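Heads up, the thing below is written out as structure tokens.
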Amino acid sequence: MEPFVVNTVATGLASMEDGARPVPELLYIQSWKRKVQGLTAGFTGRHGGVSEVPYDSLNCAFHVGDEPEKVIRNRQLIAEQLGFAAEAWTCGEQVHGNHVAVVKATDRGRGFMDRASAFQDTDGLLTDVPGILLTSFYADCVPLYFCDPVRRVIGLAHAGWKGTVAEIALKMVQTMQTEFGSRPSDLLAAIGPSIGPEAYEVDEHVMSHIRVLEHDCPGNDDWEGSIYFPLTGGKTLLDLKQCNRHIMMKAGILPSHIECTTLCTSSRSDLFFSYRKEGGITGRMASWIGLEER
């Protein structure tokens, strides 16, 4: 069953001409809402915001060239829809690395209004503070979600191919262990909408790193034919979602605790932005996770 469920409250296509308030298109990790009290986690679609072409309309990122005022308004709309104050929105300046930041109460709102105040050079965020809405940005890369329901710790990680081979998923689990005392067997994890293997063609440079990763994930079957699919001319189709799933299992997360989407950002351009499909000029979706204040 698909874990990311589109909200049915609204289509996100409310008319702006008649003054109607746009309603953001949101996909929730439905099962987590039932498992963990006060938790919200999910992924934004591309509709229901105020940005104009080519960022139409729910662009969530500053760095793509959109008008900053419209990005801020889109973020406000999303936070309000989730029941959080806009100032709860907290994010990092992503660099395709594996640095993980622990977000304290005093960090709430970093990156909401501008890029300069975000956590710099950071692709992973963790917190145990209620009332903080962790967010990160995508247009084909893989969003990773983490939750410790016992110690009430939550996290997000951004994993392109570089973050994947740098094992940011493993780094997230290790940081949860050292900073919060989390046990990997308690953790819930999810892998969100990203480019699928049918649309993600990579070269031998990328594959040389993937083969090292394959060798370092013990107990797994041969990845060729299930996670990567060689083509002619030195190209390969790659399933980044499944790479990250294996890294999560290597970190000690139980396979039954990992939710993995089937949604592809490239094939579902009606629902998502896709960097590859749209030639690099497009908006960004956001992943989010937050614990409501009691």
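Just the residues that are touching a residue at least 40 places away in the same chain (Cβ under 8 Å) and either acidic (Asp, Glu) or assigned to a strand (DSSP E or B) (or both), please, taken from region 193-206. Result: Ser194, Glu198, Val202.
Listed by first and then second residue, the pairs with beta-carbon distance under 8 Å, at least 6 apart or on different chains, first residue in region 172-192 and basic (Lys, Arg), second at pLDDT 95 or above and in a helix (DSSP H, G or I), are Arg183/Gln177.
Of all residues in region 89-111, which are under 18 Å from Ile289 (Cα atoms) and crowded, with 21+ Cβ neighbours inside 10 Å? Hits for region 89-111 are Trp89, Thr90, Cys91, Gly92, Gln94, Val100, Ala101, Val103, Arg110, Gly111. Given the condition surrounded by fewer than 24 Cβ atoms within 10 Å (Cβ to Cβ), assigned to a loop (DSSP other than H, G, I, E, B), at negative phi and among the aliphatic types (A, V, I, L, M), answer yes or no: does some residue in region 168-180 qualify? No: zero hits.
Selection of strands (runs of 3 or more DSSP E) fully inside region 1-44 by the criterion of at least 3 residues being within 22 Å of Phe137 (Cβ to Cβ) and at pLDDT 95 or above returns 26-29, 39-44. The C-beta contact set for region 269-283 (first residue in contact (Cβ under 8 Å) with a residue 24 or more places away in the chain, second residue exposed (fewer than 15 other Cβ atoms within 10 Å of the Cβ), distance under 6 angstrom, 6+ apart or interchain) comprises Lys277/Ser269. Is it true that Arg276 is out of contact with any Asp or Glu (no Cβ under 8 Å at 6 or more places or on another chain) and either assigned to a loop (DSSP other than H, G, I, E, B) or modelled with pLDDT under 95 (or both)? So Arg276 does not fit the description; no. Selection over region 249-269 of residues that are at pLDDT 95 or above and within 22 Å of Leu27 (Cα to Cα) gives a count of 13. Would you pick out the residues in region 33-91 that are touching a His at 6+ places or on another chain (Cβ under 9 Å) and among the acidic types (Asp, Glu)? Residue satisfying the conditions is Asp56 alone. Exactly one residue out of Glu224, Glu278, Glu293, Glu204 is charged (D, E, K, R), over 21 Å from the mean Cα position of the chain (by Cα) and closer than 26 Å to Arg75 by Cα, and it is Glu293.
The values are calculated or read from the model by the stated rules, or taken from the named source; none is laboratory data. As the structure is a prediction and not an experimental result, all values here were calculated from the model. As a convention, Cβ positions derive from the backbone with ideal geometry for all residues, glycine included, and neighbour counts pool all protein chains shown.
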